1. Over the chain, what is the percentage of antiparallel beta bridges among all DSSP beta bridges, to the nearest 5?
2. Please state the charge dipole magnitude for the chain, taken about the Cα centre, from unit charges on C-beta atoms (+1 on K and R, -1 on D and E), reported in debye and rounded to the nearest 20.
3. Could you give the accessible area per residue of the chain, probe 1.4 Å, as a whole number in Å²?
4. Tell me, what % of the accessible area of the chain is carbon and sulfur with a 1.4 angstrom probe?
5. Arg204: net charge of surrounding residues, Cβ under 10 Å, Lys/Arg +1, Asp/Glu -1, itself excluded?
6. Can you work out the FRET efficiency for the pair Thr66 and His214, with r the C-beta to C-beta distance and R0 = 41 Å, to the nearest 0.05?
7. Determine the dipole magnitude for region 211-257: charges of +1 sit on the beta-carbon of Lys and Arg, -1 on that of Asp and Glu, nothing else is charged, the reference point is the Cα centre, and the result goes in debye to the nearest 20.
8. For region 211-257, what does the alpha-carbon gyration tensor say about shape, rounded, prolate or oblate, given a ≥ b ≥ c as the root eigenvalues, a/c under 1.5 as rounded, and a/b over b/c as prolate?
Amino acid sequence: MIEAKPFALGVRIEHPQSIIDQLQYRCEIRDPFLPPASYSLVEQINGRGVFSFCMCPGGIIAPASTRQGALVVNGWSPSKRNNPFANSGMVVGIDEKDFKDPHPLAGLKYQYAVEKKAFEAGGGKFVAPAQRMTDFLMNKQSSSLPACSYIPGLQSVSLSEVLPKIVNDALVLGLKHFGQKLQGKFGRPGYLTHEAVLVATESRTSSPVRVPRHQDELTHPQITNLYPCAEGAGYAGGIVSAAMDGMRIAEKIYAKLHPFGH
Ligand SMILES: Cc1cc2nc3c(=O)[nH]c(=O)nc-3n(C[C@H](O)[C@H](O)[C@H](O)COP(=O)(O)OP(=O)(O)OC[C@H]3O[C@@H](n4cnc5c(N)ncnc54)[C@H](O)[C@@H]3O)c2cc1C
């Protein structure tokens, strides 16, 4: 038995790191003793969360597809965080009502449909569909794209043709809010800038399915000795929460195997 659960879907946004440094540190050039700046943004748009996720200062946008013909992007930072770009997931909350399908795997189907569209829009070979941020807000295909860390390359498209309408519309409004929050000073670019690029699609913030488990025993309600655990089972999102869930499960199994202690 498994069940559908809410997740989030959207894009990766990449800026030159220098713009994020200027916005966050309020200086023209970051002091060498300061780390590359990061950000965390969140807004409710008509009852739907729009939020930054896995912000990677001095980072790289990487292909993270799990099957042929479907495009997923993710981000990471090298330990020195010394790449000239700052990228972040920017995603919109999706729940069971949006899937319009009661099947437990409806979220996965929804996710795959968008990833497939993104792959096709990029033209294959994991080239990613992309649009400058200012053009995305005007629903206008970009005539050129800025330099980007994504190695397979970018294809200029109208992302409104790739993303579900609810995601696209919430992102447009969310980005306008974030542009207000992080405005450039003294003629410098703000968060909302022609120099930023949106790359599709960021669809793996967390699992769209949950394998149920008993609240105290942490075992599956129907399958003896099965311990659904961490991200794929729907109990974590990220390294730390996955590790902590794994520790809880390990402790339960140990206690079961050693009912009288050592
Ligand atoms: C590029 C990238 C960057 C990321 N950056 C961050 C970050 O900065 N911070 C953060 O918190 N999170 C980050 N994440 C997310 C993080 O990696 C995951 O949240 C975390 O690894 C989930 O841990 P997990 O143990 O649930 O699953 P996993 O780490 O995916 O472990 C599942 C394991 O199960 C194995 N497996 C799968 N199927 C089978 C099978 N049939 N039989 C046997 N073994 C199997 C897999 O090989 C794998 O080793 C990033 C992910 C990616 C892809």
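1. Numbers: 33 of 36 bridges.
Antiparallel bridges: around 90 percent, rounded to the nearest 5.
2. Numbers: 27 positive and 22 negative charges, 44 e Å.
That gives the chain a dipole magnitude of about 220 debye.
3. Working: 13300 Å² over 262 residues.
In whole numbers, the chain has 51 Å² accessible per residue.
4. On the way: 7670 of 13300 Å².
C and S fraction of accessible area: 58 percent.
5. Details: positive: none; negative: Glu115, Glu202, Glu231.
Here the charged neighbours net out to -3.
6. On the way: r = 29 Å, r/R0 = 0.71.
Calculated value: 0.90.
7. Numbers: 4 positive and 5 negative charges, 17 e Å.
In total the dipole reaches around 80 debye.
8. Numbers: a/c = 2.57, a/b = 1.31, b/c = 1.96.
Note, shape of region 211-257 comes out oblate.
The values are calculated or read from the model by the stated rules, or taken from the named source; none is laboratory data. For clarity, every value in this text was computed on a predicted model and none was experimentally measured. Cβ: placed from backbone, ideal geometry, glycine included. Neighbour counts: every protein chain shown. Keep in mind that these areas ignore ligands, DNA and RNA; they rest on the heavy atoms of the full protein, side chains included. Shrake-Rupley method; radii C 1.70, N 1.55, O 1.52, S 1.80 Å.
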